[in-house]
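We did not get these values from a lab; they are worked out from the coordinates using the rules stated. Note that the structure is predicted; figures quoted are calculated from it, not measured. Heads up, the Cβs are rebuilt from the backbone with ideal geometry, glycines too, and the neighbour counts pull from every protein chain shown.
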Protein chains: 2
Amino acid sequence: MNLPAAIEPSLLKRPDEDWPGHRLVVREPLPLDCGIDLGPFTIAYQTYGTLNADRSNAILICHALTGDQYVADPHPITRHPGWWSTMAGPRLVLDTDRYFLICANVLGGCMGTTGPKDIDLATGKPWALSFPVITVRDMVRAQKRLVEHLGIEQLFCVIGGSMGGMQVLEWAATYPDAVFAAVPVASAARHSAQNIAFHEVGRQAIMADPDWCGGDYLEAGRKPARGLAVARMAAHITYLSEAALHRKFGRNLQDRNTVTWGFDADFQVESYLRHQGSTFVDRFDANSYLYITRAMDYFDLAAEHGGALPAAFAGGKSRFCVISFTSDWLFPTSESRELVHALNAAAANVSFVEIETDKGHDAFLLHEPELFATLRGFLNGCAEHRGLPHD
Amino acid sequence: MNLPAAIEPSLLKRPDEDWPGHRLVVREPLPLDCGIDLGPFTIAYQTYGTLNADRSNAILICHALTGDQYVADPHPITRHPGWWSTMAGPRLVLDTDRYFLICANVLGGCMGTTGPKDIDLATGKPWALSFPVITVRDMVRAQKRLVEHLGIEQLFCVIGGSMGGMQVLEWAATYPDAVFAAVPVASAARHSAQNIAFHEVGRQAIMADPDWCGGDYLEAGRKPARGLAVARMAAHITYLSEAALHRKFGRNLQDRNTVTWGFDADFQVESYLRHQGSTFVDRFDANSYLYITRAMDYFDLAAEHGGALPAAFAGGKSRFCVISFTSDWLFPTSESRELVHALNAAAANVSFVEIETDKGHDAFLLHEPELFATLRGFLNGCAEHRGLPHD
């Protein structure tokens, strides 16, 4: 990882990625948890709204496993609306008339921030599996560089769902003075055995695909699309509740009146899953999927702090709002409750809301009025304490 | 499917399957739900205990998706003890000193009963995907031929877990006079959207494997081992509860003190899953996995009876014992409860027990004392009514 001192930033940009948004090239290497120094590296990010004069109105949004920095603009590949466009925008909960929103693609990602599909300048080839294994804390360390670059000493709020929530917790634990308010949604302070198991199935599906080529598919001009699609399908089931699947699809047949007596997608739920799998491969990199799932598996905030979760938050002054969903079986309420107990043990300022919904883990991405109302109330209270405009 | 009238039974036996147990070659074709007549076909089965003089002490055991007829003998490939050897044997719940136990490999299976890996006599090649799609009712129709062959007019009991329970329900609905007592364990009267979704992931994993060869892997001398292993891994997670996974593995590392910063099986749960996947492919056929999962997906007992589940059981005199497990999220108690409501609506004789356990769906295969006690009590009561020896 010893790289030449003078690197042209343009070398870090891939010619096929003429995507909108900002790029920050960080020249000073980043010390990673695995012991390697990574650098220079690129952070791709979006901002919305205006940073106020005393730089006190910034909200950092942390994205989930397959998310990206396009919170409130169309995705440059799929053209779908931003993944949190229900939440972020003028007069929405994350109000761009008041707040300056920042969202960066995570380290290891595939939407502009340095990850395994990028060129390792030392070899001139894509990193692939020679990319260092990164952790959630490494992602947060990279984000800290960006926040410093923007001249922001303290973020008004760090917010995110699922793996985004893990980053929120890591921010509050690692940089407590830089976080005024922290909102982990549908998340946990460590990845459970069942979640590791589901991730392992996804990784095995990718690595079983001969087009994965031991990770070197980019060099080979191939793409492990079938394996990645299977990984996505398996994961997607875990994002929904059984009730939501039943309500959406039940046993309804897809464009037919009787079964085909074969292995076509007879049922709507099969057709839906196949669609989820096949569209995902157009926008996501298989090795990024390996690296980011691994970062989640390794996440165990208590273990990083001598085995005691309250120690992670000791002495911090951040205000927490912990949110879970009743039908989320991937990050169940019990995980949020454990987190709240630890925050209480650390004498933190914390509110906890379990939201009744049948939408499963994905509820944090969907139109969920109680989620919006909860966050609006929490942010207003925090804004008042922080001396920012509020309702 | 029009086959020559005179078939040498030996032609239906595969040379590589010198496995212990009985083989019945059924010459009269079986009319399948898909409209095709299948025949001749083989049923491979095991029996334990002795049929009494009036042939009233027979218990038919129906196996689950990846089960087989080796209930209480070592599996001929893995050498593991029979899958229900805790349940079936002298003085056990399914007491071979009192009862005559029968278990047949299901139609479409790969342990001796005719399935997609067998030779289609019309072409001289393995059936592969030209094997007709079968249903749970077809499996039961095939079993009925065996029971008739054994000269048994009425089974004392039909019992099974998971897909075995689906067969139990199909027996009670299709041949009510042939079933004195019926015990569906950890089962449902129809396959849910979530369960169809998990099956679809497994099928896509198999069909994504280039060694699947469009189903013709046997002819090609190949084996879709990686795809089948991934399918098994995904399914296996659904057989366990999160609590069981947490208790067994938690976040424990496998034979190491620190993570490897790579994609080896760092965690015990990963190692366990990989082992489950890789050993499964030694004993199971990938196309059988496709056909049997499809049969489960198609299972909807109410739909077979004009949309009303009670109609499936109308007029029947079988006694039912419905059993579910609190931590089973694949076939949750709510499914058993719906079944019980329908049985009540049909004025059936039914008892229902939900067993408190954290072992998940797999509880029906494990040492579960309350399951044993429940079944012992139910079978004793039934034996008394049937005039059989009882405690």
Query - Relative contact order (%) - criterion: Cα under 8 Å, at least six apart; region: chain B - result: 16
Query - Residue (of A:PRO332, B:ALA142, A:TRP84) at the positive-pole extreme of the protein assembly as shown, dipole from beta-carbon charges - result: B:ALA142
Requested in this report: Can you figure out the FRET efficiency of A:ARG55 with A:ALA314, using R₀ = 30 Å and their beta-carbon distance, to the nearest 0.05?
Outcome: 0.65
Report summary line: Site A:LYS125, offset 7 angstrom along Cα→Cβ, radius 18 Å on amide nitrogen, limited to segment A:198-219, gives A:211-219
Requested in this report: Measure out, as a whole number of angstrom, how far apart the alpha-carbon centroids of segment B:60-112 and segment B:259-320 sit.
Outcome: 17
Requested in this report: Just need log10 I(q)/I(0) for segment A:152-229 at q = 0.16, 0.17 Å⁻¹, Debye formula, equal scatterers on the alpha-carbon atoms, no solvent, rounded to two decimals.
Outcome: -0.72, -0.74
Report task. Step through the residues of segment A:68-75 one at a time and calculate ³J(HN,Hα) from phi using the Karplus curve (6.51 cos²θ - 1.76 cosθ + 1.60, θ = phi - 60°), rounding each to whole Hz and writing x for Gly and Pro. Result -> 6, 7, 8, 5, 9, 10, x, 5
Report summary line: For A:PHE100, A:PHE364, ascending order of other Cβ atoms within 10 Å (fewest first) is A:PHE100, A:PHE364
Query raised in the report: When only Cα pairs under 8 Å and 6 or more residues apart are kept, what is the percent relative contact order across segment B:195-293?
Result: 29
Query raised in the report: Of all DSSP beta bridges located in the protein assembly as shown, what percent are antiparallel, nearest 5?
Result: 35
Query raised in the report: Sorted from shortest, what are the nm distances separating the label point of B:THR258 from equivalent points in the other copies, each placed 7 Å from Cα along Cα to C-beta?
Result: 6.5
Query raised in the report: How much FRET efficiency would the formula 1/(1 + (r/R0)^6) give for B:GLN154 and A:ASP358, where r is the Cβ-Cβ distance and R0 is 41 Å, rounded to 0.05?
Result: 0.40
Query raised in the report: Which order do peptides A:129-135, B:254-260, B:108-114 fall in by mean Cβ count within 10 Å, highest first?
Result: B:108-114, A:129-135, B:254-260
Query raised in the report: Which FRET efficiency value, to the nearest 0.05, is calculated for B:THR326 and B:ARG247 with the Förster distance at 22 angstrom and r the Cβ-Cβ distance?
Result: 0.90
Requested in this report: As a check on your grasp of the helix formula, calculate [θ] at 222 nm for the protein assembly as shown: sum -39500 (n - 2.57) over DSSP H runs of n ≥ 4, divide by the residue count, round to the nearest 500.
Outcome: -10500 deg cm²/dmol
Report task. Treat each spin label as a single point 7 Å out from the Cα along the C-beta direction, and report the B:SER278 to B:THR78 distance in nm. Result -> 1.6
**Report entry** Kirkwood-type radius of the protein assembly as shown, with distances r between different C-alpha atoms, in Å
**Finding:** 28.3
Query raised in the report: For segment A:217-362, what is the largest minus smallest coordinate of the Cα atoms on each principal axis, given in angstrom and ordered from greatest to least?
Result: 61, 44, 20
Query raised in the report: Among the GluC sites (Glu not before Pro) within segment B:291-391, which fall in a DSSP loop and have no more than 14 other Cβ atoms within 10 Å of their own Cβ?
Result: B:GLU356
Requested in this report: List the residues whose amide H sits under 5 Å from the amide H of B:ASP37, counting only those 5 or more places along or on another chain, with H placed 1.01 Å from N in the peptide plane.
Outcome: B:LEU32
Report summary line: Length gained if A:SER334 through A:ASP264 is fully extended, taking 0.36 nm per residue and subtracting the Cα-Cα distance, is 21.3 nm
Requested in this report: Calculate the dipole size of the protein assembly as shown relative to its Cα centre from +1 charges on Lys and Arg beta carbons and -1 charges on Asp and Glu beta carbons; express the result in debye to the nearest 20.
Outcome: 120
Query - Approximate spin-label separation B:ASP177-A:ASP37, in nm, with each point projected 7 Å along Cα-to-Cβ - result: 8.7
Requested in this report: Mind giving me the nanometre distance, one decimal, between the label points for A:ALA220 and A:ASN257, set 7 Å out from Cα along Cα→Cβ?
Outcome: 4.8
Query raised in the report: Tell me, what is the percent relative contact order of segment B:78-126, built from C-alpha pairs under 8 Å that lie six or more residues apart?
Result: 14
Query - Proxy reagent accessibility, fewest Cβ within 10 Å first, across B:GLU368, A:GLU17, A:GLU153 - result: A:GLU153, A:GLU17, B:GLU368
Query raised in the report: If you wrap segment A:195-293's Cα atoms in a convex hull and average its projection over all directions, what's the area in nm²?
Result: 7.3
Report summary line: Computed curve, segment A:107-193, Cα-only Debye sum without solvent term, log₁₀ I(q)/I(0) at 0.19, 0.22 Å⁻¹, is -0.90, -1.06
Requested in this report: Give, in nm to one decimal, the length gained when the segment between B:LEU366 and B:HIS341 is fully stretched (0.36 nm per residue of separation minus the Cα-Cα distance).
Outcome: 6.3 nm
Query - Size descriptor, Kirkwood hydrodynamic radius, that averages inverse alpha-carbon separations across chain B, Å - result: 21.6
Query - Mean Kyte hydropathy of -1.0 or more with a Cα span along the axis of at least 27 Å, helices from DSSP in chain A - result: none
Report task. Assuming a ≥ b ≥ c are the square roots of the Cα gyration tensor eigenvalues, decide whether segment A:303-387 counts as rounded (a/c under 1.5), prolate (otherwise, with a/b larger than b/c) or oblate. Result -> oblate
